[in-house]
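Let me begin by presenting the structure, written as structure tokens, before commenting on it.
The values are calculated or read from the model by the stated rules, or taken from the named source; none is laboratory data. Everything numeric here is computed off the predicted structure, so don't read it as measured data. Here the Cβ is made from the backbone with ideal geometry for all residues, glycine too, and neighbour counts use every protein chain on show. What goes into the accessible areas is simple: the full protein's heavy atoms, side chains included, and nothing from ligands, DNA or RNA. Shrake-Rupley method; radii C 1.70, N 1.55, O 1.52, S 1.80 Å.
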Amino acid sequence: MFSQPDRARFLPLAQLHALVSRLMQLGYQCLGPAVENGAIVMRELDDPAGLPRGLQAEQAPGRYRLTRDPHNRYFAWANGPQAIKPQAFAAKESLWRVERDDAGTLQFAAVLPAAPAQAIIGVRACDLAALALQDAHFLPDGRRDAHYAQRREQLFLVAVQCAEPGATCFCASTGDGPTPTAGYDLALAELAEGFVAVAGSAKGNAVLDALSLSPATPQQIEAARQQGQDAAAAQTRSLPGRNLREALMSRLEHPRWDEVAARCLACGNCVAVCPTCFCHAEVDEPALDGQSSRHERVWDSCFGEAHGHLHGFNVRSDIRTRYRQWLTHKLATWHDQFGRSGCVGCGRCIAWCPVGIDLTEEVAALTASEVQP
Ligand code: SF4
Ligand code: SF4
């Protein structure tokens, strides 16, 4: 976000509501952080001045607790259980429906979502990287998923730099954070007196222009840049490399898979919170009167028994092979599909695993030793 410092503006703290107000005037439904069930989630803002201050999230393997930020910042929290995946790839949605008409003939109709224009305030660099991966999956050349596209095109993304990463974050080692570099309409870096603000799209430029802000000073830009470097240096977890394909695929019979399987509950929490997982199932929901049916797409998990079920047998009948599938797809074979790893270092799967399984620890254990016979 600092590649063109002459275009950076300064948004005083007292004017943050003016940004939200402008987005609302443009017709965006504005989503910002809110507390629900003890965690930070993205919810609609009713009031332009309604963004909460002073929230922080303490995270560790199997642990997530909200605390107060002593500096009362707007964006001191590292992340919540969901990134922005649900806004583009809905957890459950209808793809098509079928009805029997008066003549008894089945009539099929596509169902497209009524996607409102949404501005999401507080998107993290790792979330943007994850969304780029979701785009690669759902919108490849010549094969566009209409439901995903309909939602995705309506998003206006206000990213924020992470000044204080969670203890489970490792985006610096995956190259995806903590400072946003691409994929946003606006990016903010929060300083004590306000925000260094940068536009990343024509839409973002138009919003900044309408706010008539002063240019950010070189000192403010340097402070924001340094803040990002300090946040990267503060991360205590990491992966040993950005391409672990050979390291993992050459260890498919490593005894560590049995050890992790003994702890893993196959609950699928890690998949549910992962911003890059895109597996889904399709199910039919017929009406009780037998006259109509809806065809639904729902998020699915490779930890579920049915996920590995092929005709007549299951290719992943135990937890060992399911955990191995998840980790090796995410960190190894994703390179074959998308040219990079499927992990953006958000750390959600570590914090939200009920037994505290930490993929950085698993990878370290798997790759520390020589290849097993
Ligand atoms: S694998 Fe874990 S750390 Fe990596 S992107 Fe998914 S949830 Fe985040
Ligand atoms: S690794 Fe943790 S979150 Fe994932 S399925 Fe196993 S127990 Fe559940």
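Mind giving me the FRET efficiency for GLN107 and ASP141? R0 is 35 Å, r the Cβ-Cβ distance, nearest 0.05 is fine.
0.60
What distance in nm separates the simple spin-label points at LEU265 and ASP289, each placed 7 Å from Cα in the Cβ direction?
According to this spin-label approximation, the distance is 4.2 nm.
Taking Cα atoms of region 131-233, Rg/Rh with Kirkwood Rh, to two decimals?
Computed over Cα atoms, the ratio is 1.03.
Distance between the C-alpha centers of region 2-75 and region 186-238? Whole Å please.
The distance from the Cα centre of region 2-75 to that of region 186-238 comes to 14 Å.
Give me D for region 250-313 in µm² s⁻¹, whole number, from Stokes-Einstein with Rh from the Kirkwood sum over alpha-carbon pairs, 20 °C and 1.002 mPa s.
145 µm²/s
What accessible area per residue, rounded to a whole number of Å², is obtained for region 264-351 using a probe radius of 1.4 Å?
44 Å²
Quick one: what are the phi-derived ³J(HN,Hα) couplings along region 65-72, Karplus 6.51/-1.76/1.60 with θ = phi - 60°, whole Hz, x for glycine and proline?
Rounded to whole hertz, the list is 9, 7, 9, 9, 7, x, 9, 6.
How high is the relative contact order of region 73-122, given as a whole-number percent (alpha carbon pairs under 8 Å, six or more residues apart)?
Result for region 73-122 is 27 percent.
Loop only by DSSP, 16 or fewer other Cβ within 10 Å of the Cβ. Give me the GluC sites (Glu not before Pro) in region 220-324 that pass, ordered by residue number.
Taking region 220-324 and a limit of 16 other Cβ atoms within 10 Å, the loop GluC sites (Glu not before Pro) found are GLU253.
Could you state the per residue volume, in Å³, of the convex hull enclosing the Cα atoms of region 245-368?
Hull volume normalised by residue count: 138 Å³.
Subtracting the Cα-Cα distance from 0.36 nm times the residue separation, let me have the gained length for ALA114 to SER94 in nm, one decimal.
This chain segment gains 6.1 nm when fully extended.
Taking a cut-off of 30 Å between Cα atoms, list the lysines near LYS330, but don't count ones fewer than 8 places away on the same chain.
Hits, sequence-local ones excluded: LYS85, LYS92.
When the accessible area of the chain is split by element with a 1.4 Å probe, what percent falls to carbon and sulfur?
Whole-percent figure for carbon plus sulfur exposure: 51.
Just the Cα atoms of region 161-310, one point each, no solvent: what log10 I(q)/I(0) does Debye give at q = 0.20 Å⁻¹?
Once normalised to I(0) and log-transformed, intensities are -1.30.
Which of GLY241, SER201, ALA223 sits closest to the plus end of the dipole of the chain, meaning its Cα is farthest towards the positive end, when Lys and Arg get +1 and Asp and Glu get -1 on the C-beta?
Of the options given, the answer is ALA223.
Taking amide H positions as placed 1.01 Å from N in the peptide plane, with prolines and chain starts having none, which residues 5 or more places from GLU190, or on another chain, fall under 5 Å of its amide H?
Here GLN161 satisfy the definition.
Tell me whether region 180-243 comes out rounded, prolate or oblate; compute the Cα gyration tensor, take square roots of the eigenvalues as a ≥ b ≥ c, and use a/c under 1.5 as the rounded threshold.
oblate
For SER250, SER3, SER293, give the ranking by accessible area with the largest first, probe 1.4 Å.
Final ranking, largest accessible area leading: SER3, SER250, SER293.
Convert each backbone phi in region 330-346 into a coupling constant with the Karplus relation 6.51 cos²θ - 1.76 cosθ + 1.60 (shift: θ = phi - 60°), then list the ³J(HN,Hα) values in order as whole Hz, x for Gly and Pro.
4, 9, 10, 6, 4, 4, 5, 7, 10, x, 7, 5, x, 10, 9, x, 6
Which percent, to the nearest 5, of DSSP beta bridges fully inside region 5-233 are antiparallel?
Counting DSSP beta bridges with both partners in region 5-233, the antiparallel share is about 70 percent.
Convert 10 °C to kelvin, take the viscosity as 1.306 mPa s, use the Kirkwood radius over C-alpha pairs of the chain as Rh, and evaluate the Stokes-Einstein diffusion coefficient in µm²/s, rounded to a whole number.
Rounded to a whole number, D works out at 72 µm²/s.
Taking every DSSP beta bridge that has both residues in region 130-210, what percent is antiparallel when rounded to the nearest 5?
60 percent
Provide the per-residue ³J(HN,Hα) series for region 24-29, in order, calculated from phi with Karplus coefficients 6.51, -1.76, 1.60 and θ = phi - 60°, each as a whole number of Hz, with x at glycine and proline positions.
Each residue's phi maps through the Karplus curve to give 5, 4, 6, x, 7, 6 Hz.
Keeping all protein chains in the complex and leaving out DNA, RNA and ligands, what accessible area do you get for TRP77 with a 1.4 Å probe, in Å² to the nearest 10?
Looks like 10 Å² after rounding.
How high is the relative contact order of the chain, given as a whole-number percent (alpha carbon pairs under 8 Å, six or more residues apart)?
Rounded, it is 22 percent for the chain.
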